[in-house]
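The values are calculated or read from the model by the stated rules, or taken from the named source; none is laboratory data. What you see is a predicted model, and the numbers here were worked out from it, not measured in a lab. Note that each Cβ is placed from the backbone with ideal geometry, even for glycine, and that neighbours are counted across all protein chains shown.
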């Protein structure tokens, strides 16, 4: 759906102008939303200058009365600064729809801080920077069908999305797809190091490792078969792949990896507890 189908009086304010905000702003501009329909609050002068130069949007160092124009406010702040930012912004945004991409902070806290029940939470991830993101969304009951559609139009500029019925599932999403790109980079790093140790150049090992992840992911996405079947198909008993996977099984790699994801989910919960008190 093109942004042109959105009303020309749509105005989107971003509180925080870091990587995720930049990814969304870039997507919106590509979809045809005018720079005049976007404003950003970003206190860091270097980042503010970058946003102005890259997207020609209005950037202010602190919240201004002009935020009252916003039909949608996107909260792209760190969890620990959300409450303070909300206190400064909320006097201007009583009628807006609010979309939070802050990890861990629950919608109960957000609604209380903003004095609004029209709150949607999103857990995006960094491939949003190239339009290959995966976001999970949760809407409070007060967010209407039109509100959900408005959020979808914004989020789909960064890639795929799915709606969740239960907010606590967002902690699991944070552990899976939110933090997930780092796990992929971690495995790629290990493959590059191993390839280099086995006599390839680092450049060769990197090209091979990255292309393998891209290709295998595309195959998993396009195939009707589950990953277990795809894995079994390249694992002949007694062969090279079998040797590698047997070594991983022996070292409990899968269990350790799953434990790591549980740790990420636990940290998401702690962020909500730590910085989300009303």
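Checking each residue in region 133-171 for being over 12 Å from the mean Cα position of the chain (by Cα), assigned to a helix (DSSP H, G or I) and within 26 Å of residue 266 (Cα to Cα) picks out 169, 171. Tell me which residues, restricted to region 193-216, are surrounded by fewer than 12 Cβ atoms within 10 Å (Cβ to Cβ) and closer than 30 Å to residue 160 by Cα. Result: 211, 214, 215. Here region 24-75 is the region considered, the condition is being in contact (Cβ under 8 Å) with a residue 60 or more places away in the chain and outside any helix (DSSP H, G or I), and the residue that is farthest from residue 139 (Cα to Cα) is 31. Looking across region 237-251, the residues that are surrounded by 12 or more Cβ atoms within 10 Å (Cβ to Cβ) and touching a helix residue (DSSP H, G or I) at 6+ places or on another chain (Cβ under 9 Å) come down to 241, 245, 248.
Residue by residue, here is whether (1) at pLDDT 95 or above; (2) surrounded by fewer than 13 Cβ atoms within 10 Å (Cβ to Cβ) holds:
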| position | (1), (2) |
| --- | --- |
| 191 | yes, no |
| 218 | yes, yes |
| 223 | yes, yes |
| 253 | yes, yes |
| 259 | yes, yes |
| 272 | no, no |
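If you go through region 118-132 one residue at a time, do you hit one that is more than 23 Å from residue 275 (Cβ to Cβ), assigned by TED's automatic domain parsing to the domain that holds residue 13 and in a loop (DSSP other than H, G, I, E, B)? Scanning region 118-132 turns up at least one residue that is more than 23 Å from residue 275 (Cβ to Cβ), assigned by TED's automatic domain parsing to the domain that holds residue 13 and in a loop (DSSP other than H, G, I, E, B). Every condition in (1) more than 24 Å from residue 19 (Cα to Cα); (2) under 22 Å from the mean Cα position of the chain (by Cα); (3) not in a helix (DSSP H, G or I) is met by residue 108 except one, and the failing one is (3).
Return a yes/no flag: does region 172-185 have any residue that is at pLDDT 95 or above, outside the structural domain of residue 125 (by TED's automatic domain parsing) and over 22 Å from residue 135 (Cβ atoms). The answer is no; no qualifying residue exists. Residues in region 90-104 that are surrounded by 19 or more Cβ atoms within 10 Å (Cβ to Cβ) and either out of contact with any strand residue (DSSP E or B) (no Cβ under 8 Å at 6 or more places or on another chain) or more than 18 Å from residue 18 (Cα to Cα) (or both): 93, 96, 97, 104. Inspection of region 146-163 finds a residue satisfying the criterion of being free of Cβ contacts under 8 Å to residues at least 40 places away in the same chain, touching a helix residue (DSSP H, G or I) at 6+ places or on another chain (Cβ under 9 Å) and surrounded by 15 or more Cβ atoms within 10 Å (Cβ to Cβ).
Scanning region 111-134 for residues that are touching a residue at least 40 places away in the same chain (Cβ under 8 Å) and crowded, with 20+ Cβ neighbours inside 10 Å yields 113, 121, 123, 124, 125, 128, 133, 134.
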